[in-house]
Amino acid sequence: MIYFCPTPIGNLGDITLRTLEVLRSVDIIYAEDTRVTIKLLNHYDINKKLKTYHKFNEAKASLEIIESLENGLDIGLVTDAGMPGISDPGHVLIKKLIEKNLDFRVLPGPNAALSALVISGLASDNFYFYGFTNPKSSSRKKEFENLKNIRATLIFYESPHRIIEFLKDMREILGNREISISRELTKIYEETLRGKVEDILNSNLTLKGEFVIVVEGNTQKEEIPDIKELLIERINNGQKKSQAVKEIAQEYNISKNVVYKESLNIDA
């Protein structure tokens, strides 16, 4: 059996009893960075064989892990902090395990995104986790363009040396929304700032630690288009009715059936 084990995002006391039990029982522990994991294991007096599993060796290490599982070994997989597979290595292996119909377990535990969402005070009934955006400003702005109409609360991760440019690009594309920024979650110097994007940019933001940015979803009222008018305009411009129906449904995020029913009232 292989277990995907979440580890503390800061405070070592946040690890679960079940995760400790699993790490003590497995034959091998695969870690994103053995130098980080050994500190956790030493803290809890766990002495196990350590191997690496990170984004640069995922394909090769996944095959090695599967071979070990087929030979009857029990394995624990951890990342430096948080849940494996969430903005951390793990997804490649899970896909291969499913393809080979091999059983695995995912243990519950610490997660920075959910902790930051709850502490933000922003709506948490619907949220969209995005993780890290592209480090290039031009590409990041395109990503924000694709996200700007989403009404659910948005959650991002960002590093300290890119956070200011990230916020400037966000302000430009998403507007001056309500946001919450958390850093050093569960650690001694944990800090959360709340306010408009502009407020945060003008604040004395400490550029240390990993950041979780929680952003208010789009609150603008949606304009309901006149579907019949749109259809007539496109058909008069020479577009086939079926193509007009398809494109209007996609562009305005309307059910294709709704647009189709409206098209039945147009002679073309």
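Observations, loosely collected:
- Residue in the stretch 245-256 that is more than 33 Å from the chain's Cα centre (by Cα), assigned to a loop (DSSP other than H, G, I, E, B) and in contact (Cβ under 8 Å) with a residue 24 or more places away in the chain present: no
- In summary, residue 263 fulfils each of the numbered conditions (1) open to solvent by 40 Å² or more (accessible area, probe 1.4 Å); (2) hydroxyl-bearing (Ser, Thr, Tyr); (3) touching a residue at least 12 places away in the same chain (Cβ under 8 Å) with the single exception of condition (1).
- Qualifying residue in the stretch 77-97 (condition: more than 20 Å from residue 6 (Cβ to Cβ) and hydrophobic (A, V, I, L, M, F, W, C)): no
- The stretch 99-125 residues that are without any contact (Cβ under 8 Å) to a residue 40 or more places away in the chain, paired with ones that are assigned to a helix (DSSP H, G or I) and open to solvent by 90 Å² or more (accessible area, probe 1.4 Å) (beta carbon under 7 Å, 6 or more apart): 124/118
- Hits in the stretch 102-132 - residues which are farther than 30 Å from residue 69 by Cα and in a loop (DSSP other than H, G, I, E, B): 121, 122, 123, 124, 125, 126
- Failed criterion for residue 184 (all others in (1) in contact (Cβ under 8 Å) with a residue 60 or more places away in the chain; (2) within 19 Å of residue 135 (Cβ to Cβ) hold): (2)
- Flag for residue 37 being open to solvent by 30 Å² or more (accessible area, probe 1.4 Å), in the same structural domain as residue 6 (by the TED database) and closer than 23 Å to residue 111 by Cα: no
- In the set (1) part of a helix (DSSP H, G or I); (2) touching a residue at least 40 places away in the same chain (Cβ under 8 Å); (3) not polar (S, T, N, Q), the condition left unmet by residue 96 is number (2).
- The residues on offer are 70, 58, and the sole one that is touching a Pro at 6+ places or on another chain (Cβ under 7 Å) and either more than 19 Å from residue 19 (Cβ to Cβ) or open to solvent by 40 Å² or more (accessible area, probe 1.4 Å) (or both) is 58.
- Within the stretch 202-217, the set of residues being surrounded by fewer than 16 Cβ atoms within 10 Å (Cβ to Cβ) and either in contact with a helix residue (DSSP H, G or I) (Cβ under 9 Å, 6 or more places away or on another chain) or within 17 Å of residue 254 (Cα to Cα) (or both) comprises 207 only.
- Total residues in the stretch 1-26, condition surrounded by 14 or more Cβ atoms within 10 Å (Cβ to Cβ) and either of a type outside the set (Ser, Thr, Tyr) or modelled with pLDDT under 95 (or both): 16
- Filter result for residue 72 (in contact with a Cys (Cβ under 7 Å, 6 or more places away or on another chain) and more than 26 Å from residue 213 (Cα to Cα)): no
- The helices (runs of 4 or more DSSP H) found entirely in the stretch 133-212 that carry 1 or more residues being of a type in the set (Asp, Glu) and under 20 Å from residue 119 (Cα atoms) are 197-201.
The values are calculated or read from the model by the stated rules, or taken from the named source; none is laboratory data. Just so you know, these numbers come straight off a predicted model, no measurement behind them. Glycine also receives a Cβ, built like all others from the backbone with ideal geometry; neighbour counts cover every protein chain displayed. When the accessible area is computed, the model is the full protein with side chains, heavy atoms only, and any ligands, DNA or RNA have been set aside. Shrake-Rupley method; radii C 1.70, N 1.55, O 1.52, S 1.80 Å.
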